[in-house]
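The values are calculated or read from the model by the stated rules, or taken from the named source; none is laboratory data. These numbers were taken from a predicted model, which means no experiment stands behind them. Please note: Cβ atoms are built from the backbone with ideal geometry, for glycine as well, and neighbour counts cover all protein chains shown. Surface areas here come from the heavy atoms of the whole protein model, side chains and all, with no ligands, DNA or RNA. Shrake-Rupley method; radii C 1.70, N 1.55, O 1.52, S 1.80 Å.
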Amino acid sequence: MKTGLAFSLFGAVVFTACASSANQQGGASASSSMTFFVTSVGSGKGADLGGLGGADKHCQDLAQAAGAGVRTWHAYLSARSAGGAPAVNARDRIGAGPWRNANGVVIAQSVEDLHGPNNNLNKQTALTEKGQIVPGRGDSINQHDILTGSSPEGTAISGNDDTTCSNWRSSDQGAAMLGHHDRMGLRDDAPSKSWNSSHLSRGCSQENLRGTGGAGYFYCFAVN
């Protein structure tokens with residue numbers, strides 16, 4: 001009886017260890033395949049992200065915490081020309097694709113696909129690095145406004161108006177172009193359904209971003 005009990009306990013221990021190992025491998029596989037996410041938290045300072053470099057670091061840190069830090073991550077943000085530096089287009093800084101969310105679902109095959117009418121970016125697929133859905137229009141909390149500073153084509157917006165909150169360094173004056181990750185808005189028109197170029201924010205502070213249905217989140221893409 002004692003021998004039988006010992007073997008039973010040994011078998012249980014081996015089974016538990018194998019199951020744990022399988023779960024860990026499954027989680028690692030999901031993390032390693034992720035090449036796109038919406039930030040689960042913002043900078044806490046509205047649209048002041050510390051410039052493009054600070055935004056990229058935020059993407060990298062969140063990816064690292066989620067087990068996907070082996071890749072190089074960039075924020076999907078455009079920047080206006082300033083101080084002699086040329087404008088930066090969001091579409092030019094995210095790699096070539098394809099991009100998959102935390103569940104392994106492809107949201108776009110290429111840069112052209114991402115900015116075309118048939119991409120697969122919506123509320124159900126634009127997940128955070130933790131694999132969570134970001135609240136959108138119709139939920140008790142609406143956080144569908146995503147910082148981009150971009151035109152529908154993914155380029156910096158020309159003109160004199162600030163659309164990047166001073167190139168992502170202001171939490172006070174200015175405004176930022178926003179997209180709707182849930183592809184929903186107040187009207188049934190193209191801007192309301194745009195994931196990257198829907199409307200301008202009221203300002204650059206956390207309060208102003210929250211006022212139109214945002215939280216200072218932005219998209220992150222793996223460039224490799």
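Candidates in region 53-82 are the residues that are over 15 Å from the mean Cα position of the chain (by Cα) and aliphatic (A, V, I, L, M); of these, the one that is farthest from GLY95 (Cα to Cα) is ALA82. Taking region 57-87 as the region of interest, how many residues are hydrophobic (A, V, I, L, M, F, W, C), surrounded by fewer than 20 Cβ atoms within 10 Å (Cβ to Cβ) and either outside any helix (DSSP H, G or I) or on the phi > 0 side of the Ramachandran plot (or both)? Final tally of qualifying residues: 5.
Whether a residue is in contact (Cβ under 8 Å) with a residue 12 or more places away in the chain, in a loop (DSSP other than H, G, I, E, B) and not basic (Lys, Arg) was assessed, and GLY46 passes this test. Among residues of region 186-200 being among the hydroxyl-bearing types (Ser, Thr, Tyr) and within 18 Å of the chain's Cα centre (by Cα), the one that is surrounded by the fewest Cβ atoms within 10 Å (Cβ to Cβ) is SER194. For region 125-162, the set of residues classified as farther than 21 Å from ALA55 by Cβ, polar (S, T, N, Q), over 17 Å from the mean Cα position of the chain (by Cα) and open to solvent by less than 70 Å² (accessible area, probe 1.4 Å) is empty. Taking the listed residues ALA102, ALA68, ALA87, the one that is within 17 Å of SER166 (Cβ to Cβ) and either of a type outside the set (S, T, N, Q) or at pLDDT 95 or above (or both) is ALA87, with no other qualifying.
Taking region 98-124, which residues are in contact with a strand residue (DSSP E or B) (Cβ under 6 Å, 6 or more places away or on another chain), open to solvent by 10 Å² or more (accessible area, probe 1.4 Å) and within 17 Å of SER33 (Cα to Cα)?
Scanning region 98-124 gives PRO98, ARG100, ALA102, VAL106, ASN120.
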